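The values are calculated or read from the model by the stated rules, or taken from the named source; none is laboratory data. Please read these numbers as outputs of a predicted model, since none were measured by experiment. Every residue, glycine as well, gets a Cβ built from its backbone with ideal geometry; the counts of neighbours run over all protein chains shown. Just so you know, the surface numbers come from the protein's heavy atoms only, side chains and all, with ligands and any DNA or RNA stripped out. Shrake-Rupley method; radii C 1.70, N 1.55, O 1.52, S 1.80 Å.
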Amino acid sequence: MAEIRLEGLHKRFGRVVAVRDVSLEIREGEFVVLLGPSGCGKTTVLRLVAGLETPDRGRVWIGGRDVTRLPPGRRDLGMVFQSYALFPHMRVFDNVAFGLRMRGVGVAEQRRRVEEVAELLQIADLLDRYPAQLSGGQRQRVAVARALVVRPQVLLMDEPLSNLDALLRLHMRAELKRLHREVGSTTVYVTHDQVEAMSLGDRVAVLREGQVVQFDTPTQIYDHPSDRFVGSFLGNPPMNFFQATVDPEDGSLRVEGVKFPAPVAYAQALAERRGGPILVGIRPEHVSVGTGPLRGEVLVAEPLGAQKLLTVRTAQHLVKVAVGPDHAARPGEHVALDLPEAHLRLMDAQTERALPRR
Amino acid sequence: MTLRKLGLYAAALLLTAWVLAPIVLIALAAATPREDLYRWPRPLWPERLSFEILSSFARQEAVLRALGNSLAVAGLTIVLATLVSAPAGYALARYPFRGREAVQLGILATKMFPATALAVPLAVAFIRWGLYDTLLGVALVHTALSVPFVILIVASVFRGVPAELEEAAMSLGASRVGAFIRVTFPMALPGLAAAAIFTFILSWNEVFAATLLTVNHRTLPALLVHSVVAEGAPLHYRYAGGFFLVLPALVIIFVIRRYLLTLWGVTVR
Ligand SMILES: Nc1ncnc2c1ncn2[C@@H]1O[C@H](COP(=O)(O)OP(=O)(O)OP(=O)(O)O)[C@@H](O)[C@H]1O
Ligand SMILES: [Mg+2]
């Protein structure tokens, strides 16, 4: 197991800057998820770590070793590709044993280790088949087995679950989590699925247009998004945002002309902004319905099983509110909303970046 | 059967007949006893079949030597063309270098240059280099003729092998060369075999350069042309020779037609 350090990585393809100034420190044995919308550079970062691309600037360190100029085969890593990239002309056994052969492991030891990892991934009875004879989920397991069998310091995965159906994905997600606990390799996992990121990652790096916008634990990222983009990208439905102003006299928040007490943690940041605009964010599950100063009309009520999702139109905003499944609100009904002080997240109206708390 | 389908079958039959008729006629003629061949009117379907013409043709020493020469030239051409085309095709398939399209087009454009225009200078140069009337000389010309096609075929074959497979091999510890040998090459093999067969047939059938550049070391087509044009060989000799020229192409195409489908990077299993 080894830690990974990325220092100021930069990569462009022609005119497209795919990765700009990415620096990350990933701890030994940690499970880090790279999360971001399509085209934000996740795969490119992963390929830079793997050595399948060379950075224009910056360095890659694995286990204290500068591997920036090393070819992939000498970085001691295993990679799972989105398409799995199983060798179609080899049986599953030979696919899995490939890395061992490259490392000159003896035949008996090869067999022992392939069987061991096959046991771990429950593919022991598939070893004689060709990849074309496997289902999607089985291929995915073989791809993971092939990467794991060499006991790499670092395991890299590029959207390994995106080709599976929803149920299987749920199952494999749990499997991957178990596997990481058992194997313990430092893992970098790419996905654009925020639920996957939240459930798998020890920490999540959110990328946008080639840059890391936040790198933190899933709870921190969910509770304290570093900017509006993160708040709307994570969470389903995304965070609500209100255009508001800071009251020039007492520093409280004015949302649609209604006064809300400002959270104490932001007192200092707000002091400089009296009379100015501000962006107020709140998660749908934290908006309370029933009593409160904000008036609105329920437009849509969507029962989602464990909860019910309301879309409420206030004077100037559309607000998503998550309520209990038995909540009686109906479309057309008028409701009162409250924005509890403790759950408000304040951001700069121009830069849309989170204000400092203390 | 719908009318549309009927039309399709009719068209297919017509095309097949168009291609097959000369082959069948030549095969029948070659299998007719000599005296029947010169009868008039000659029946379309011979009354008796015999291998007399063919076997006497094949027993001539000159023919056997020419056959050997043809095989040697074709084999040499395959080796040379593969050595030149495989790396070029791989580069075209894998590396997005500046001017790739232009190179690809340029390679094909060389085919627009008439070989006839090159004949005399080539013969002069070959005499000077000591390549005149050698099998190597003929093979070099055949290589030059086949390389443009073979490069494009090979490039499309390599394009059919996902780059990700090579990358997976490299991430597992293989070098670039190792990844090629263990993954790309075996997967490209059927397509490469088809390219080799293509080269073989091109060389086997090539008559212009072979006639022009050889005197004593003639390939089979060159020998036939020479016997017919210069010595006015009799009818039965021509039929037998024609049949011998068609035969390997037929056999090979029959055997590898499955692989021919991979020519443009589409593997049909
Ligand atoms: N080989 C390449 N040549 C040219 N442009 C590339 C290449 N690879 C990536 N890019 C560009 O770099 C940017 C980042 O691509 P990347 O594949 O890293 O995105 P991603 O976050 O993995 O997206 P996705 O979620 O769709 O897989 C994109 O704009 C993409 O078009
Ligand atoms: Mg990607």
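Name the residues of segment A:69-95 whose accessible area, probed at 1.4 Å, falls by at least 50 Å² once all protein chains are in place instead of their chain on its own?
Listed by number, the residues meeting the 50 Å² cut-off are A:PHE81, A:PHE87, A:HIS89.
Using a probe radius of 1.4 Å on protein heavy atoms only, what is the accessible area buried between chains A and B, both sides summed, to the nearest 100 Å²?
Heavy-atom accessible area buried at this interface is about 1500 Å².
Which residues belonging to segment B:165-196 lose at least 50 Å² of 1.4 Å-probe accessible area when the assembly is complete, relative to their chain isolated?
B:LEU165, B:GLU167, B:SER171, B:LEU172, B:ARG182
Summarise the long-distance tail of P(r) for segment B:71-200 by giving the % of C-alpha pairs beyond 17 Å.
64 percent
Leaving out ligands and nucleic acids, and using a 1.4 Å probe, what accessible area per residue does segment A:237-348 come to in Å²?
46 Å²
So what are segment A:46-130's ellipsoid semi-axes, whole angstrom, largest first, if each one is the square root of 5 times an eigenvalue of the alpha-carbon gyration tensor?
Whole-Å semi-axes of the equivalent ellipsoid: 29, 15, 11.
Search the structure for amide H atoms under 5 Å from the amide H of A:LYS308, placed 1.01 Å from N in the peptide plane, and list their residues when 5 or more places away or on another chain.
A:VAL323, A:GLY324
What do you get for the angle between helix B:185-205 and the principal long axis of chain B? Use alpha-carbon atoms, 0 to 90 degrees, nearest ten.
Helix B:185-205 and the main axis of chain B meet at about 30 degrees.
Using every Cα-Cα pair within chain B, state what percent have a distance larger than 29 Å. Mind dumping the intermediate values first?
Values: 17223 of 36046 pairs.
For chain B, the share of Cα pairs beyond 29 Å comes to 48 percent.
In chain B, if the dipole is taken from +1 on Lys/Arg beta carbons and -1 on Asp/Glu beta carbons about the Cα centre, which of B:TYR239, B:THR82, B:LEU212 is farthest to the positive end?
Farthest along the dipole direction, towards plus: B:THR82.
Over segment A:20-178, average the accessible area per residue using a 1.4 Å probe and give it in Å², no decimals.
Details: 6630 Å² over 159 residues.
Roughly 42 Å² per residue, with all protein chains present.
Compare B:LEU118, B:LEU235, B:LEU76 in a GNM of chain B, Cα atoms joined below 10 Å, and give the one with the largest fluctuation.
B:LEU118
Per 5 Å bin from zero, what fraction in whole % of the C-alpha pairs of segment A:223-278 is there, up to the bin with the longest pair?
4, 19, 24, 19, 20, 10, 2, 0
Give the separation of the Cα centroids, segment B:236-256 to segment B:142-166, in Å.
28 Å
Between the helical axis of B:235-260 and the dominant principal axis of chain B, each derived from Cα atoms, what acute angle in degrees is found, rounded to the nearest 10?
With both axes taken from Cα atoms, the answer is about 30 degrees.
Could you let me know the centre-to-centre spacing of segment B:1-59 and segment A:158-187, using Cα atoms, in angstrom?
Using only Cα atoms to place each centre, the spacing works out to 65 Å.
Specify, per residue and in Å³, the volume enclosed by the convex hull of the alpha carbon atoms belonging to segment A:4-228.
Residue-normalised Cα hull volume stands at 126 Å³.
Give me the distance in nm between label points sitting 7 Å out from Cα along the Cα-to-Cβ direction at A:ALA132 and A:LYS259, one decimal.
Modelled inter-label distance: 7.6 nm.
With a 1.4 Å probe and every protein chain kept in, tell me what percent of the accessible surface of chain B is carbon plus sulfur.
The nonpolar share, carbon plus sulfur, comes to 73 percent.
Can you pull a Stokes-Einstein diffusion coefficient for segment A:237-348 at 25 °C (0.890 mPa s), Rh from Kirkwood over Cα pairs, as a whole number of µm²/s?
Result for D is 171 µm²/s.
Ignoring ligands, DNA and RNA, what percent of the 1.4 Å accessible area of segment A:237-348 is carbon and sulfur?
Using a 1.4 Å probe with all protein chains present, segment A:237-348 comes out at 53 percent carbon and sulfur.
Assuming R0 = 51 Å, can you tell me the calculated FRET efficiency for the pair B:ALA58 and B:LEU118, based on Cβ-Cβ distance, to the nearest 0.05?
Working: r = 34 Å, r/R0 = 0.66.
Given R0 = 51 Å and the Cβ-Cβ separation, E is 0.90.
Report the calculated FRET efficiency for B:ILE127 and B:ILE23 (r = Cβ-Cβ distance, R0 = 35 Å), to the nearest 0.05. Each step should come with its number before you reach the end.
Working: r = 38 Å, r/R0 = 1.08.
Efficiency computed from Cβ-Cβ geometry: 0.40.
Distance between Cα centroids, segment B:174-220 to segment A:335-351: provide it in whole Å.
Between the Cα centre of segment B:174-220 and that of segment A:335-351, the gap is 72 Å.
Work out the FRET efficiency for A:ARG358 and B:LEU105 from their Cβ-Cβ distance, taking R0 = 60 Å, and round it to the nearest 0.05.
0.35
Which of A:ALA342, A:ALA262, A:ALA18 ends up with the largest GNM mean-square fluctuation for chain A, with Cα atoms connected below 10 Å?
A:ALA342
For chain A, what is the calculated [θ] at 222 nm in deg cm²/dmol (nearest 500), taking -39500 (n - 2.57) for each run of four or more DSSP H residues and dividing by its residue count?
Roughly -7500 deg cm²/dmol at 222 nm, from the helical runs in chain A.
Hey, what's the Kirkwood Rh for the protein assembly as shown if you take every pair of different alpha carbons, in angstrom? Kindly include the intermediate steps, with their values, before the conclusion.
Values: mean 1/r = 0.0323 Å⁻¹.
When all Cα pairs of the protein assembly as shown are included, the Kirkwood radius is 31.0 Å.
Can you list the residues of segment A:23-54 whose accessible area drops by at least 20 Å² going from the chain on its own to the full set of protein chains, with a 1.4 Å probe?
Those residues are A:ARG47, A:LEU52.
For A:LEU6, what charge total do you get from the other residues with a beta carbon under 14 Å from its beta carbon, if Lys and Arg give +1 and Asp and Glu give -1?
Net charge around A:LEU6: +3.
Hydropathy first: keep DSSP H helices in chain A averaging at least -0.5 on Kyte-Doolittle, then drop any whose Cα extent along the axis falls short of 15 Å, and list what survives.
Result, helices passing both filters: A:92-102, A:136-148, A:166-183.
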